[in-house]
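Read the structure below first, then the notes.
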């Protein structure tokens, strides 16, 4: 049945095609029923994809994982000739890592799709009467581009699933770029939105920023793939990693002039693609701004697709990195350094953010740094484990944040209606009809600002409980959360292999627990700090469309919360007291079977209480500190954040993200603009256009000269002379035409005599 695994990405791809061709024919005229069909199609396709993956791949593979110690399942679909060499088969490969990803990706996508069905009802910050025109009033309860949204996310999911099952780097890169395109379309989905603050990035600009930033990494990555193909003769994983001759050539042949192996160079270049996709420093700048897209998109990017792809790529390519490091240890050291620095760098920024989604965005960047740091020190299994557990609780947190924002928006709408359109919350609209509930004498009300929240536990308890579980998992709360087991595994490996990485990640874990606790306290505890928070709620049922927002947006949270707890049980170290002997760490054995097959050994650290205690202290210490600062004495409306008051200018630096955006604007962007201006002047003013125009003027001069000195006196003279001669002869012949028969007879006799004379005397 494994040979049917290629069908897994086909189901969401078909959903995309059906939605585009059938239910998205005319968004402005589509009825609510037709629009709702789009979400039904997308959800149904993803559910089928997940169930199909379970039956066809996940269960058979995990049940027989030891068989993969020899060779993974290879199922060719199409051979692509490329001259003397070949990309071999464009097909799929199934191994334990594939199976683990095919359990997580479709399930998380399914939860996000179900959630989106409720989330993409009419956003409260949009005015249906001004933003769009619809004939069916019932459709106004749904986002005007509701169908298009579900088409995009279906294609997005298909891209990630295709990437996971790819058996070669060419196929992987195709789906890799497909996700890049979808991310641009989804981040800029509400491209009409503009803001009161002209310096705030818009969805349109955020999408463009994400697209261009990731292209930098992808371009460098593509050069690495090209070099790898030239020197390996194939891009198939099996053809590279399981061919001793190819691996020997890559590791022993040096790059002319550099003194490093082709394995080291190609691994280094490929890593840049992962840095861009997984938002690692210095290519991290796009991910926080990607929050301008709808929240389900944020969840997809951060949990199941986009950023996970970068980590997955390095995990898949780890044999190349491992081989490269034998002659060039700096390759993996570079990976570890980038990961560790990004982990601490992003964690410090998250401490000073007030936007509920921005906190989670920098949290994702930090957690991805954890994974890359683990890969850099050789902890292959720990990185894969944290990748999977992180997907569950990070999707939970993002979806929970979306529910919070929706509830606060609904509360603000209630306040606005209660005031009759007047008073402290007056709606304003930009040129595109997007409404912002703004104060009469100040900036617009921001439903994503945690300082405008508080007391939401009583208003949306389901969201509160599930968000708490996700936050504890992210913090690494001991024993009962998945985040603890996966993060502790990374720390245990780092303690044994690299002390600098260990202490960096440990301090990052402390900060993670602190800013997560701060986020929970500011959002759910204390008293409401705005009227919107005091009236926050999720509508139980929309009257016209019949959609139950409360259920659609909370049931996925509860299911994800289950995995945020039990997901870590499959990776409990065997040496862990009491609990270690219960499950015997099946994840390590499953993923380990693949690693053994790739000819290098697994490093399994012995159980050590010191990194365990550091992990526990970091998690509990950060949460306790957050509770002491924000929980015991909840922040009141208008009160200055106590940490802001304590840190002073340091807080400003952290809040402004170390001024990295400004630095990029003043250097990279300014240089790009200058380079574009120079190119324009080179093309339009200095070289290209002057040369073209000069050639044109020279051509005109030459043509004028030819006309004056050759065409008119010679060519025209000959033509005109021939014309005059012909005209003269014609006149003479015309005079000879008298119309008398005797004259014609005389001309005939004379002609015969001339011919006869010529014949006789010639």
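How do 444-452, 656-664 rank on mean C-beta neighbours within 10 Å, highest first? The partial results should precede the final answer.
Details: 444-452: 22.0, 656-664: 14.8.
The densest-packed peptide leads the list: 444-452, 656-664.
If r is the Cβ-Cβ distance from residue 258 to residue 334 and R0 is 22 Å, what FRET efficiency results, to the nearest 0.05? Present the calculation step by step, with values, prior to reporting the outcome.
Details: r = 15 Å, r/R0 = 0.67.
Given R0 = 22 Å and the Cβ-Cβ separation, E is 0.90.
Considering all projection directions equally, how large on average is the shadow of the alpha-carbon convex hull of the range 206-295, in square nanometres?
Values: hull surface 28.4 nm².
With the hull built on Cα positions only, its mean projection is 7.1 nm².
Which of rounded, prolate, oblate describes the range 149-241, given a ≥ b ≥ c as roots of the alpha-carbon gyration tensor eigenvalues and a/c under 1.5 marking rounded, otherwise prolate only if a/b is larger than b/c?
Values: a/c = 5.50, a/b = 2.04, b/c = 2.70.
Cα axes put the range 149-241 in the oblate bin.
If I model a spin label at residue 632 and residue 708 as a point 7 Å from the Cα along the Cα→Cβ vector, what separation in nanometres do I get?
Here the answer is 9.9 nm between the modelled labels.
Sort 380-391, 526-537, 308-319 by the packing proxy (mean of other Cβ within 10 Å over each peptide's residues), most packed first.
Working: 380-391: 27.2, 526-537: 20.8, 308-319: 24.4.
Ranking the peptides 380-391, 526-537, 308-319 by packing returns 380-391, 308-319, 526-537.
Values quoted throughout were computed directly from the atomic coordinates according to the rules given, and no laboratory measurement underlies them. Just so it is clear, the structure is predicted and the values come from calculations on it, not from any experiment. Reconstructed Cβ throughout: ideal geometry from the backbone, glycine too, with neighbour counts over all protein chains shown.
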